[in-house]
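What follows is a single structure, written as structure tokens, with notes after it.
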Amino acid sequence: MESQQLFSSVLLNLHLTRFSLLCFLFSVVCSFRGSVSHGLTLELGETVQILEKCEGKDVMFFPFVSQGIFPVGYIHLKKAVVTNRGQYETVIPLEDPIITEVTSTLQEWSVLWKQLYVKHKVDLFYKLRHVMNELIDLRRQLLSGHLTQDQVREVKRHITVRLDWGNEHLGLDLVPRKEFEMVDADQISVSDLYKMVSTLTASRWVFDVCFFISEVVNHYNVLCSCKLQIDFIYEMLVHMTLLVVKMKSSHISPNSSSRAGLIISLQLLRGDMEQVRRENPMIFNRGVAITRKLGFPDVIMPGDIRNDLYLMLERGDFERGGKSVQKNIEVTMYVLYADGEILKECISLGSGEHNISEYRSFVLYHNNSPRWSEVIKLPIPIDRFRGSHLRFEFRHCSTKDKGEKKLFGFAFTPLMREDGTTLSDESHELYVYKCDENTTFSNHALYLGLPCCKDDFNGCPNIPSSLIFQRSTKETLWISTQLSSTKLTQNVDLLALLKWKAHPERVMDILGRLRHVCGEEIVKFLQDILDTLFSILDDNTDKYGPLVFQSLVFIINLLRDSKFYHFRPVMDTYIQKHFAGALAYKELIRCLKWYMDRSAEVVRQDHIQEAMRALEYLFKFIVQSRILYSRATCGMEEDQFRASIQELFQSIRFVLSLDSRSSETLIFTQAALLNSFPAIFDELLQMFTVQEVAEFVRGTLGSMPSTVHIGQSMDVVKLQSIARTVDSRLFSFPESRRILLPVVLHHIHLHLRQQKELLICSGILSSIFSIIKSSSLVHFGQCTDWLTRTCPLSDWQGEYVSCLLSLLRQMSEIHFQHLLDNFQSKEELKEFLLKIFCVFRNLMKLSIFPRDWNVMRLLTSNIIVSTTQYLSPALHKSFTDADFDFKVWNSYFSLAVLFINQPSLQLETLTPAKRKKVFDKYGDMRVMMAYELFSMWQNLGENKIHFIPGMIGPFLGVTLVPQIEVRNIMIPIFHDMMDWEQRKNGNFKQVEAELIDKLDSLVSEGKGDENYRELFSFLLEKIEQETWRETGVSFVTSVTRLMERLLDYRDCMKGDETENKKIGCTVNLLNFYKSEINKEEMYIRYIHKLCDMHLQAENYTEAAFTLLLYWELLHWEERPLREFLHYPAQSEWHRKEGLCRKVIHYFNKGKCWEYGIPLCRELAFQYESLYDYQSLSWIRKMEAAYYDNIMEQQRLEPEFFRVGFYGRKFPFFLRNKEFVCRGHDYERLEAFQQRMLGEFPQAIAMQHPNQPDEGILQGDAQYLQIYAVNPVPENIDVLQMDRVPDRIKSFYRVNNVRRFRYDRPFHKGSKDKDNEFKSLWIERTTLILTHPLPGISRWFEVDKRELIEVSPLENAIYVVENKNQELRTLISQYQHKQLHGNINLLSMCLNGVIDAAVNGGIARYQEAFFDKEYISSHPEDTEKITQLKDLMQEQVHILGMGLAVHEKLVHPEMRPLHKKLIDQFQMMRSSLYRNILFVYPNVNVTIKRCQTVDIRMCCKIIEILTFSEIFQVNIICQTRYKWCLFYANQRFVLNSHHGNTQNLYFRNDFFFRDVTAGTIQTKTFAGTDYVLYSMLKV
């Protein structure tokens, strides 16, 4: 519920455009369900375009609709514009573009946001929710229209940061921006676009920092109204520390209710003070205090006047003065002028406080060495600074009389020295002079003549001792000062310069000493120093000109230092507003030219290099001076000025033309000149036309040596100068570009050709392409060739690629034609085409652009396809027919294939909104390239045969692109390939083989879709017309079937499918390769894939059978085999041996030793034939161990299940097919059903075993039909042999089984209410599999089914026979102690049979089938009734043996149960015998006195009784012999009497013994009748 509410809040204000009709839009403010006729359903936040409005009614209308489609009050109108009117017109709301972007982005995020919750990405889910809510709030602020411009800009910046953060974390595309708005890639150059996305990528992480800070703040419940600025985060993290005041406890928990602490609010204000006051008037209306920096700010602009002296009262040392305790000292400070007057309000204790006239320190109790460390600001007026001094008075404050303060001393210091410098910025130790409370300071001259500190004392050593104030030698005061003044200095040399007129004779020395003044002092007094220098220059140009020039160069270079670089605006302001040297330009030009002319002569050129570095500001002074002179003289001496500039440029060209390879100092001079040269262009443009300046520059750049071997550093400097030239304002003029481009491109060409400084060259070209127009491309005739030759991409690949793309994008057909015509030979053209095709392929294959730079990727693709269209005619014209060149054509086809398969062009993977946006802008570029590819293929003519079969795989990859039009374009190419090979070879075996191989590899890589199954049906239509139609149709049919299986295989492998589905799909594909296509290598590959799957699923038996397939393909020969898969190069014999050992090992792990033994024998035969007795011994021991395992280890009999997969939603290899599956150990029907439903969660379980109807088979759903089946063993002989152990029989019952059976009971005719077994028929279905189980899979498809109906009697025989087998097996296991301890299983089984026989069970069968009426009415069932009777009697015998075993093993506590079973067994046997006696008539046999019983006679008796195994014989005994009947080891003694009749029951395992006195003679039934013999089993 919470996520649903959050989602609803986020969707508020989202717009979903439904119609695009006219130029009026409205936003839905209330949902409408469309309850009226033709009503349009509206959801809150949607945007719909209005077609027509009917006035007078509160509804909106569409044409031809007589009633409104929604209420007008439910919407809010807003303006819009329509672009690209017509079928594909676009309606754009007239609102801020960033609002539109927020709307569309939130709409896209909303879908992905819900998916985060489903995928359990909770952390990102809540972060994104937070960001989305912030975006909604920021959007609301923009829409309110109540923000200032700066606030709007700030809100937009916050919006874009959040949009980019969300897009990155959701894996969406990076959005390039300019001024916070999305950039149209068509409106800017590729180079600029690349720079934008690069910058955006680098700054993405900043928002993560902000988000982390906001989360921490929220966690600790800090109430902070700070607007965190992105660029302020660094400073805040590094420099800011919040001190929390602990009031009552030493620890405050974040969740504590106590809010004790200090809470501060921060706000960063940008701009100078005037701007801050203007933009934030409310802050200054509250009486805010403005605190200036302690010291100077980073920049001191002209006009900024400040004169503050900061004084720190540090500490003092005072004597005790004979008292027992130390003093309580208070310091009072005054600022006094030269006349002794105390300056009023010249002491400030802090910002916001009123200035005072005296300062009083705090008092430290009983402390003669107090430390105050108090800072006081002294804002003394500049005109009062000279002659002023500070006086410190010391008083002892009595603790008895609070108002008593006794003066005991004082100290003082002047603020300015005699040389005019102010008090230095350091700590000062002041002398303390003694005085008393009656001392007055009315005459300050009395102490000003005294030394105030040690330096003063050294300056006046002869001080009379009779002065009124005496120094206390043991008492001192320490203070420190810091001057912040733009008018006062502490430097003597600087002061001398500023006051040069006082000592004009020292000007030369003063100018020379300027270099020794520290930079901080110079920049503080920059305006005053410059004024002074130019006034000196005006005073005597000839005398002071060179020195002034050197001083000016020194100051200009001082501002190049990073420490003072921010003072350059001060210099600019001075030149523009305060400079007044109208004549200075002449001397500056003269000195500059003189320096340049001497560069070839002097060895030490430090001063020349300094002048070159100062070139920019020297030209600024020159130009401004000339402007001032021209204003003053109305343009006089213009020609002279132009001539002097011409001469100056001749000197510049002279310097650059010098050969500097032998002079390192000259290299530095040239480098300094080149570095400064581009900076003078703007100054020259003030005095000369664009063409004139461009000519100056061209001549200068052209004077540089045309070589790249002058030194790497010089090459870099030269190219950097060219780069700055291109980036200058001069280059932005078309008329200047026409002049400059040739020389610029000439130098770039030199470096590109030599592969030197490629990164800088690419930057220059990037800047050129950012501003150049197509009409100016005439100078780029060979630039494309240069760029493609510079193909190897590295760390600078992005910049280089953007240059190449920029050029290609601006080239038209005329430019390409001009470029192609310039090649002198076909070899040059071939080289060019190969290189540019190579570059294009690298652009698509290599990671030139990150994954989320989709804008760059799409633009690159558009440029590639356009360029390819321009170059295709040249390829066709120059390299076809007699001049055919396979390499060029192959490169072209490879490029086209790679282009179409680009991931960024697969529109099907994009969201609908993004897909529409890309399609509207570029169309489907895959289709464009496919048409181009098809056209070029058709142009090949007879040369097509050269690309068979080489291009089959790549072209097949194109058809796997999920775009129908592309596929339709490519299919005829395959028909062409088949046709051309048929013409050449009489068949198309190469096409067939290559197509199958490539199809397998491509689909395995994840390509292709459902529609691809029908792809080759188009090919069939073309084949129908060919003479080789029959073979072609057969081939296409096979390929189509292969495609179906490959797609199923691909879908299983790439999804989260279960092992069973993957194995089944692989088996299906493996069998196809073997049976239909006969591709042995592919067949073997899938054998090993299937084996690995079985091993992973621990299906060792199936893995063995799978690997056995490869083993069967090999022979015991010494033929060498190549390296294949994981097999090394080896002989065929050794590979087969290794496989055999591995298969045996897997059979052992799967406990199928019976399958491993024949392989052991096979291997033993090979070892024996080679006399490898060691290996023979090993394999024989293994074979023996397998026999032991068979007899000793317990193996479970698996259950088998029939599974039907019905419905069109199943994969092809399962769809509407039925399988029999071999269950896992201990897996029963319910567990198997759950497992299958887990593997197919969308499937519906069918609850009946009936065959599905057509509706289910063709339905768009999945239906599973599962039930258990019983195996029908193949080896019946083993199971019928009495001496075979049950362990062995158990194996053959469930292994190597191909036939399975399941029964469906039904009643034929009316159901017998008394005994349902009389009418209970069985529909017995026998399933015959394609392969026996176990095999290469745990399940196999049903090949055919056999259906028979089983009569009630036959069913009874089947049930009793199965129960007998089950009892016999269980009893045998207990007899041989295979089951130990617990006999519950035996007890339950015996009780189930005996109790059922008493209360039902076989009693029901006796009642149904031993009835006289049934026997008489079904004479054809006589043998079956006899069989049922025999099975029942056999069951009695088995139960007797079972009870005997049970009696031995039963626990004493279970004896009552055993007794109950015995009693019920007696009842069961009696009931059975009674029914049997009813069935058969009596037979009388008379045995005469003293006559030996003839065995043959008994045989005749039995023969008369229809050869029954169980019969009744009435013997009339006429002898005196005793006969004993032995049955089941029980002795029944019969006392015969003359004339008496005794009933005897014979069975096949009965025998008689003659027990006459003293002798025992055994007599058995051994008649000659075959049928009797087979039944008696002696």
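Assorted remarks:
- Over the stretch 1087-1232, relative contact order from alpha-carbon pairs under 8 Å, at least 6 apart, %: 14 percent
- Partners for LYS1217 among aspartates and glutamates (Cα-Cα distance below 18 Å; same-chain residues under 8 apart left out): GLU1044, ASP1048, GLU1239, ASP1253, GLU1254, ASP1260, GLU1341, ASP1343, GLU1346
- Entries in LYS998/LYS1209; LYS887/LYS944; LYS323/LYS406; LYS845/LYS921; LYS756/LYS887 that, when Cα-Cα distance is taken, lie over 19 Å: LYS998/LYS1209; LYS845/LYS921; LYS756/LYS887
- Distance violations [Cα-Cα > 26 Å] among LYS830/LYS917; LYS524/LYS620; LYS293/LYS524: LYS830/LYS917
- Of LYS1142/LYS1181; LYS1089/LYS1149; LYS402/LYS434; LYS501/LYS577; LYS344/LYS487, those spanning more than 26 Å from alpha-carbon to alpha-carbon: none
- Relative contact order (percent, whole number), the stretch 605-731, Cα cutoff 8 Å, 6+ residue spacing: 36 percent
- Ordering of 1236-1243, 541-548, 265-272 by burial proxy (mean other Cβ atoms within 10 Å per residue, highest first): 541-548, 1236-1243, 265-272
- Computed about the Cα centre, the dipole magnitude for the stretch 903-948 is approximately 320 debye when only Lys and Arg (+1) and Asp and Glu (-1) carry charge, each at its Cβ.
- Solvent accessible area, Å² - ARG513, 1.4 Å probe, full protein context: 100 Å²
- Inter-label distance, ILE264 to GLU1076: 8.0 nm, where each label sits 7 Å from its Cα along the C-beta direction.
- Among the protein heavy atoms, those of VAL1450 account for about 10 Å² of accessible surface (1.4 Å probe, every chain in place).
- Probe 1.4 Å - accessible area at ARG851, Å² to nearest ten: 150 Å²
- Note on the stretch 1326-1439: lysine pairs with Cα distance below 28 Å, sequence gap of 8 or more or different chains, count 6.
- Rounded if a/c under 1.5, otherwise prolate or oblate - the stretch 67-196, Cα gyration tensor axes: rounded
- Relative to one another, the C-alpha centroids of the stretch 1284-1311 and the stretch 93-121 are positioned 63 Å apart.
The values are calculated or read from the model by the stated rules, or taken from the named source; none is laboratory data. In this text the structure is predicted, and so the values were computed from the model without any measurement. Note that we place each Cβ from the backbone using ideal geometry, even for glycine, and neighbour counts take in every protein chain shown. Remember, those area values only see protein heavy atoms, side chains included, never the ligands or the DNA or RNA. Shrake-Rupley method; radii C 1.70, N 1.55, O 1.52, S 1.80 Å.
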